[in-house]
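The structure under discussion appears below in the form of structure tokens.
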Amino acid sequence: MPGLTIGDDLPNLEVETTHGKMKLHDYVGDSYTILFSHPGDFTPVCTTELGMMAAYASKFAERGVRLLGFSCDDVQSHKEWIKDIEAYNKGHKVTYPIIADPKRELIKQLNMVDPDETDSTGQKVPSRALHIVGPDKKIKLSFLYPASTGRNMDEVLRVVDSLQKAAKHKVATPVNWKPGDPVVISPSVSNEQAKEMFPQGYDTANLPSGKDYLRFTNV
Ligand code: BEZ
């Protein structure tokens, strides 16, 4: 299976979407972009997911993040389905484009194939893949969920906050981190550098090994 994974360049494919044809790199521009796929139009879990993405669109926009959906059905089908999504999620318009891939040409290149699911014609369908692409057009984070498991948009928002925090400061976010919590200082930063980089100070956990690698700060 071809792999599109963390660190890879997003292929600059030309895609057909509900907003017309576009090249993926042009859509990403200088922003973070969430590219998220769905097994198919007019399916229950997908309808809830796309609706919730519409509801969260302003939160992603506040963070400078663009959204780009993906499902294999054609553009006309997507446009009909959007009416259902918006009716189910009252008050939230689907303003982001959705890629169409009726010939199943893109899902392999984008590592979005579900190995277990096929549609009524026996063709492979996308999994619930989600790639977060950075302004440098590289994949920063990937989720791969089976068709049976809907994603959690709060978690998507949380990981965007983590990625952006880590890109801005030389830090990483620990387990169950949420915005406002302390972060950890990257192991590549020496204590001397840390004193300069984090004048607000940092706390080092006292560990049995005596090593000083677990350092918390606030940024
Ligand atoms: C769904 O979106 O509900 C779904 C799609 C394909 C297989 C199973 C569930």
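The values are calculated or read from the model by the stated rules, or taken from the named source; none is laboratory data. Small disclaimer: the values here were computed from a predicted structure and weren't measured. Glycine gets a Cβ as well: all are built from the backbone with ideal geometry, and neighbour counts include every protein chain shown. Remember, those area values only see protein heavy atoms, side chains included, never the ligands or the DNA or RNA. Shrake-Rupley method; radii C 1.70, N 1.55, O 1.52, S 1.80 Å.
Close Cβ contacts (under 6 Å, 6 or more residues apart or on different chains) running from residues in region 178-195 that are under 27 Å from residue 156 (Cβ atoms) to residues that are at pLDDT 95 or above and part of a helix (DSSP H, G or I) comprise 179/161; 185/194. Exactly one residue out of 39, 2 is within 14 Å of the ligand (Cβ to nearest atom), open to solvent by 10 Å² or more (accessible area, probe 1.4 Å) and modelled with pLDDT under 95: that is 39. Here residue 27 meets the list (1) away from the ligand (no atom under 14 Å from the Cβ); (2) under 17 Å from residue 152 (Cα atoms); (3) of a type in the set (Phe, Trp, Tyr) almost entirely, failing just condition (2). Listed by position, the strands (runs of 3 or more DSSP E) enclosed by region 120-184 that each have at least 3 residues that are open to solvent by less than 60 Å² (accessible area, probe 1.4 Å) and in contact with a helix residue (DSSP H, G or I) (Cβ under 9 Å, 6 or more places away or on another chain) are 128-133.
Residue-by-condition table, conditions (1) open to solvent by less than 40 Å² (accessible area, probe 1.4 Å); (2) more than 16 Å from the ligand (Cβ to nearest atom); (3) closer than 24 Å to residue 152 by Cα; (4) outside any loop (DSSP other than H, G, I, E, B):
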position: 47; (1), (2), (3), (4): yes, no, yes, yes
position: 57; (1), (2), (3), (4): yes, yes, yes, yes
position: 66; (1), (2), (3), (4): no, yes, yes, yes
position: 81; (1), (2), (3), (4): yes, no, yes, yes
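When region 106-119 is examined, which residues are found to be within 16 Å of the ligand (Cβ to nearest atom) and either surrounded by 15 or more Cβ atoms within 10 Å (Cβ to Cβ) or of a type outside the set (D, E, K, R) (or both)? If the condition is that a residue be within 16 Å of the ligand (Cβ to nearest atom) and either surrounded by 15 or more Cβ atoms within 10 Å (Cβ to Cβ) or of a type outside the set (D, E, K, R) (or both), then 107, 112, 113, 114, 115, 117, 118 are the ones that fit.
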